[in-house]
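Student: Below are the structure tokens for one structure; questions will follow.
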Amino acid sequence: MGKDSSEGEDKAVCKPDIFLSRFRASLERESRDQLLHRGHRCRVRDTVYWKAMEAKLAVPWCLVLASLFGALITVTSAEKLQLVYQWSQLRSSDRNNASQNVLFSANAVPSDEDTFNAYGNLPMGVTHHKGFLYVTIPRRRPGIPATLNVIDMSRNPSVNEPTLEPYPNTLVNSLRNDLAADPKRIISVYRTQVDRCDRLWFVDTGYLEYPGGAGRQVQRPALWIIDLTIHRSVRRFEIPAEMVEFGYGIPNIEVDVDEADCGRAYAYIPDYEWRLLYVYGLSEGRMWRFKHNYFSFEPRYGDFNIAEQQFTWYDGIFSVAVGGRWQNSDSTERTVYLHAMASVSEIAVSNRVLQNETLALLGNGAYGREFHHLGARGPNAQSSSHAYDPKTGVLFYAEINRNAVGCWNTKKHFAPENHGIVHLDNEEMIYPADLRIDSNGDLWVISNRLPIWIYSELNRTDVNYRIWRQSASRAIAGTICA
């Protein structure tokens, strides 16, 4: 009887979910190899359960365990991200508006603007700088009063529904009644970046992504630079038509500034639609572009399953992150990391290559081998934004397919076993849309449940949008990335 009950218990324990729960405590005292050995024994003992998991994830049992144990180790050991702000949906505080109360200041909705559309206001990007959060709301629906907004954290101490103010002001964010082009106005912004010289960089796509064939290019996409010390634009560069036809494929931006000269700065701008990387030189006042096969999506990683929404995306190059010294050299040459969204691969290139306009003009034959495929991050590791923390040398990823923030210590070999997870939450962090690291070494993440918003419908009484924060050093403590 004792033997039978023991065998029955062992068989039950070998179900993957029970296995992980039962041996959670073992993660602190047993090595990864020991745990993988336990998993192998379970795989042999009860093939049905593990084959089912393998089939579902489309990877072999060893990678299933490596991924799952990596997640558990990092999540249970690391200090999770802290919730800073949250909203059920964004609202107007205009008392004449039926959806009144809370989020946009009353003067954010001009009288000549479309009727405020609470559901259409989906926050996408977040950047922190000196107590202010810059939050973007791309115009993917009518009724959005401001695409670029700011939250003064000192005036919003509560975690619930902080007020958004149009930045730099309401007029710059408003559309003309006739939807005519106006270089003094911003049409639609996805994500922003602040450099060490107190400048806010972003691309106005110039495009209204309205559904049902109502989308239109209002004006040429343009790179904006705003001096945050005076709250005024100091540069607007209109991206020429020969560089890109439409701006709707530009989701992100990364800025590379010389350590000693604020005038020597470069913006790296990915285009997931055309699979191109644009580079703008501030001192040159010009833009050039790179094209490479690595900028495309990987077909087998185009399938997503997020919050019970299953869909296929073909998004190419999506995020760029400036890292540490190129190949650990002593020079000022730095590594630039980039990846497509529908992909689990990471690519590296020297910033010297990207800053070479002449090389770009020579074409792929001249620079193609300068882009290096580092490898794969692991299963379900598709990422929107990623960012590098110079203090820890860690690259952080917003992993949308598993509702997590991942990490990799750039001092270690690029391989799935060296990637960890610092935060995973399938309830509250559904679709981490953007991830940034500020000058203090703090990690900032915004999640917005985008797939539900697109393919189903958000529950308007649930909390749908959240902004998170944690110091990079605390986030990786106890993980493989430390």
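The values are calculated or read from the model by the stated rules, or taken from the named source; none is laboratory data. None of these values were measured; they are calculated from a predicted model. Neighbour counts run over all protein chains shown; Cβ positions are idealised from the backbone, glycine included. What goes into the accessible areas is simple: the full protein's heavy atoms, side chains included, and nothing from ligands, DNA or RNA. Shrake-Rupley method; radii C 1.70, N 1.55, O 1.52, S 1.80 Å.
Student: Residues 332, 358, 312: which one is open to solvent by 30 Å² or more (accessible area, probe 1.4 Å) and under 30 Å from residue 455 (Cβ atoms)?
Tutor: Going through 332, 358, 312 in turn, the sole match is 312.
Student: When you look at residue 203, is it touching a residue at least 60 places away in the same chain (Cβ under 8 Å) and not in a loop (DSSP other than H, G, I, E, B), yes or no?
Tutor: Judged against the criteria, residue 203 is a match.
Student: If you don't mind, another one. Looking at this structure, is residue 162 open to solvent by 20 Å² or more (accessible area, probe 1.4 Å), in contact with a Lys or Arg (Cβ under 9 Å, 6 or more places away or on another chain) and of a type outside the set (Phe, Trp, Tyr)?
Tutor: Here the answer is no, as residue 162 does not meet what is asked.
Student: If I go through the stretch 434-455 residue by residue, how many of them are open to solvent by 10 Å² or more (accessible area, probe 1.4 Å), assigned to a strand (DSSP E or B) and not aliphatic (A, V, I, L, M)?
Tutor: Within the stretch 434-455, residues that are open to solvent by 10 Å² or more (accessible area, probe 1.4 Å), assigned to a strand (DSSP E or B) and not aliphatic (A, V, I, L, M) number 2.
Student: If you go through the stretch 255-281, how many residues are surrounded by 23 or more Cβ atoms within 10 Å (Cβ to Cβ) and over 22 Å from residue 371 (Cβ atoms)?
Tutor: 0
Student: Hey, among 340, 366, which residue is surrounded by fewer than 16 Cβ atoms within 10 Å (Cβ to Cβ) and either small (Gly, Ala, Ser) or in contact with a Gly (Cβ under 9 Å, 6 or more places away or on another chain) (or both)?
Tutor: 366
Student: Quick check on the stretch 93-112. Is at least one of its residues surrounded by fewer than 20 Cβ atoms within 10 Å (Cβ to Cβ), out of contact with any Leu (no Cβ under 8 Å at 6 or more places or on another chain) and modelled with pLDDT of 95 or more?
Tutor: no
Student: Look at the stretch 165-189 and say how many of its residues are buried (at least 18 other Cβ atoms within 10 Å of the Cβ) and either out of contact with any Gly (no Cβ under 6 Å at 6 or more places or on another chain) or more than 26 Å from residue 254 (Cβ to Cβ) (or both).
Tutor: Total meeting the criteria: 13.
Student: Could you list, in sequence order, all residues of the stretch 124-137 that are crowded, with 24+ Cβ neighbours inside 10 Å and in a loop (DSSP other than H, G, I, E, B)?
Tutor: Listed by number, the list holds a single entry, 137.
Student: Still on this structure, please answer the following. For the stretch 369-392, give me the residue count where each residue is in contact with an Asp or Glu (Cβ under 6 Å, 6 or more places away or on another chain) and surrounded by fewer than 24 Cβ atoms within 10 Å (Cβ to Cβ).
Tutor: Number satisfying all stated conditions: 1.
Student: Among (1) of a type in the set (Gly, Ala, Ser); (2) free of Cβ contacts under 8 Å to residues at least 12 places away in the same chain; (3) under 25 Å from residue 342 (Cβ atoms), where does residue 296 come up short?
Tutor: (2)
Condition check ((1) without any contact (Cβ under 8 Å) to a residue 60 or more places away in the chain; (2) over 27 Å from residue 195 (Cα atoms)) across all residues:
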site	(1), (2)
366	yes, yes
369	yes, yes
389	no, no
401	no, yes
410	no, no
413	yes, yes
416	no, yes
423	no, no
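Student: From the residues in the stretch 160-200 that are of a type in the set (S, T, N, Q) and assigned to a loop (DSSP other than H, G, I, E, B), which one is farthest from residue 463 (Cα to Cα)?
Tutor: 177
Student: Out of curiosity, is residue 395 open to solvent by 10 Å² or more (accessible area, probe 1.4 Å) and of a type in the set (A, V, I, L, M)?
Tutor: So residue 395 fails the test.
Student: Against the definition (more than 22 Å from residue 298 (Cα to Cα) and among the aliphatic types (A, V, I, L, M)), how does residue 395 come out, yes or no?
Tutor: No; evaluated as a whole, the condition is false for this residue.
Student: Within the stretch 286-403, considering only strands (runs of 3 or more DSSP E) that don't extend past its boundaries, which have at least 2 residues that are hydrophobic (A, V, I, L, M, F, W, C) and under 18 Å from residue 254 (Cβ atoms)?
Tutor: Ranges flagged: 286-291, 317-325, 334-340, 345-350, 394-399.
Student: Further question: Can you pull out the residues in the stretch 258-285 that are among the acidic types (Asp, Glu) and in a strand (DSSP E or B)?
Tutor: If the condition is that a residue be among the acidic types (Asp, Glu) and in a strand (DSSP E or B), then 271 is the only one that fits.
Student: Sticking with this structure for a sec: Taking the stretch 403-433 as the search range and keeping residues that are under 19 Å from residue 453 (Cβ atoms) and either in contact with a Phe, Trp or Tyr (Cβ under 6 Å, 6 or more places away or on another chain) or of a type outside the set (A, V, I, L, M, F, W, C) (or both), which one is most open to solvent (accessible area, probe 1.4 Å)?
Tutor: In this case the residue turns out to be 427.
Student: Would you mind stating whether residue 150 is under 20 Å from residue 467 (Cα atoms), crowded, with 17+ Cβ neighbours inside 10 Å and at pLDDT 95 or above?
Tutor: Against the criterion (under 20 Å from residue 467 (Cα atoms), crowded, with 17+ Cβ neighbours inside 10 Å and at pLDDT 95 or above), residue 150 qualifies.
Student: Follow-up. Being of a type in the set (D, E, K, R) and closer than 14 Å to residue 218 by Cα is the filter; apply it to the stretch 230-248 and report the residue that is surrounded by the fewest Cβ atoms within 10 Å (Cβ to Cβ).
Tutor: 245
Rundown of residues vs (1) of a type in the set (Phe, Trp, Tyr); (2) at pLDDT 95 or above; (3) within 14 Å of the chain's Cα centre (by Cα); (4) over 21 Å from residue 267 (Cα atoms), yes/no style:
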| site | (1), (2), (3), (4) |
| --- | --- |
| 317 | no, yes, yes, no |
| 330 | no, no, no, yes |
| 347 | no, yes, no, no |
| 356 | no, yes, no, no |
| 374 | no, yes, no, yes |
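Student: Restricting to the stretch 457-480, and then to whatever is touching a Gly at 6+ places or on another chain (Cβ under 9 Å) and not aliphatic (A, V, I, L, M), can you tell me which residue is most open to solvent (accessible area, probe 1.4 Å)?
Tutor: Across the stretch 457-480, the extreme among qualifying residues is 473.
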